[in-house]
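One structure is given here, and the rest of the page talks about it.
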Amino acid sequence: MLKRLKTATLIRHFRHVKKRAKAKKALTRLRTIANKLIRELQRKLPQYLLFEIYQKHFLFYQRVLAQKPKDKNKIYSLHEPDVYVIAKGKDHKQYEYGNKVSIVSTKDTNIIVGVASHDKNIHDSKTLTVAISHANSNRNKPIKQAVCDRGYVGAKVVLGATSSCLKKPLSETIVINETKSANCVKDERRLSRLSDILNRILDFLETCSKGKLVMRLMY
């Protein structure tokens, strides 16, 4: 069985247009083997182990095997079941898997004053309330103006803070206020640089720990 399992896993991951039917058949075979192992364990394990200790694990594995491609709230990772799909809209990376995190930093010194993790994949404009609330709890004065990237379009005033999104001027238009345009470009570069640094730190921490531990360290 181990040899057949390895063969089916290899075929499943190395898919090709001409081998789509073979990959689909391999996926069905893997699901059959997993269901067979779960039923065998349920028959042979003692009742106190099945219903007291391992019941949550069996329900989790059965949910993974029963889910379909078009189902909502699917489980994408066995070791990190809380992750979800985030659409990026980029050509080189259309989707990402993980949790959406909001970072609040000061404008001039880039000191991080607020971090908020979101359990559901919601629009960026709806995450400002939690992010600004967490940042205000770490500050003596509440935030009056929040400078966000273009993903936060739609949020005007959140918890008394005015939200202004960075907008890149079109190439054919004439920039009337050059100072304001230069500040927008500078703010966008600052946000991009801060995001790159945080991504590198999180990648390093994820090699040593799980995702929830990383969030506890950030808090």
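The values are calculated or read from the model by the stated rules, or taken from the named source; none is laboratory data. The structure presented is a predicted model; accordingly, all values stated were derived computationally and were not measured. Neighbour counts run over all protein chains shown; Cβ positions are idealised from the backbone, glycine included.
Some points to look at:
- Members of segment 146-160 found to be assigned to a helix (DSSP H, G or I) and among the basic types (Lys, Arg), listed by number: 150
- Any hit, segment 144-151, residues being farther than 30 Å from residue 28 by Cα and modelled with pLDDT of 80 or more: yes
- Selection from segment 64-88 of residues that are surrounded by 10 or more Cβ atoms within 10 Å (Cβ to Cβ), of a type in the set (Lys, Arg) and over 13 Å from the mean Cα position of the chain (by Cα): 74
- Residue match in segment 91-105 (condition: touching a strand residue (DSSP E or B) at 6+ places or on another chain (Cβ under 9 Å), part of a loop (DSSP other than H, G, I, E, B) and without any contact (Cβ under 8 Å) to a residue 40 or more places away in the chain): yes
Condition check ((1) in contact with a Pro (Cβ under 8 Å, 6 or more places away or on another chain); (2) at pLDDT 85 or above; (3) within 19 Å of residue 78 (Cβ to Cβ)) across all residues:
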| residue | (1), (2), (3) |
| --- | --- |
| 14 | no, no, no |
| 23 | no, no, no |
| 32 | no, yes, yes |
| 38 | no, yes, yes |
| 43 | no, yes, no |
| 48 | no, no, no |
| 55 | no, no, yes |
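- Within segment 55-69, residues that are touching a residue at least 12 places away in the same chain (Cβ under 8 Å) reach partners that are charged (D, E, K, R) with beta carbons closer than 6 Å, at six or more positions or on different chains, in the pairs 65/31.
- So residue 91, is it under 23 Å from residue 196 (Cα atoms) and surrounded by fewer than 12 Cβ atoms within 10 Å (Cβ to Cβ): yes
- Evaluating residue 87 against the criteria (1) outside the structural domain of residue 136 (by TED's automatic domain parsing); (2) touching a helix residue (DSSP H, G or I) at 6+ places or on another chain (Cβ under 6 Å) leaves one unmet condition, (2).
- Residue 144 being among the charged types (D, E, K, R) and within 30 Å of residue 71 (Cα to Cα): no
- In segment 118-129, residue nearest to residue 159 (Cα to Cα) [restricted to those that are surrounded by 16 or more Cβ atoms within 10 Å (Cβ to Cβ) and modelled with pLDDT of 80 or more]: 128
- Top-ranked residue in segment 70-90 [being charged (D, E, K, R) and touching a residue at least 12 places away in the same chain (Cβ under 8 Å); ranked as farthest from residue 135 (Cα to Cα)]: 80
- Failed item, numbered, when residue 61 is tested on (1) over 25 Å from residue 133 (Cβ atoms); (2) of a type in the set (Ser, Thr, Tyr); (3) surrounded by 14 or more Cβ atoms within 10 Å (Cβ to Cβ); (4) outside the structural domain of residue 30 (by TED's automatic domain parsing): (4)
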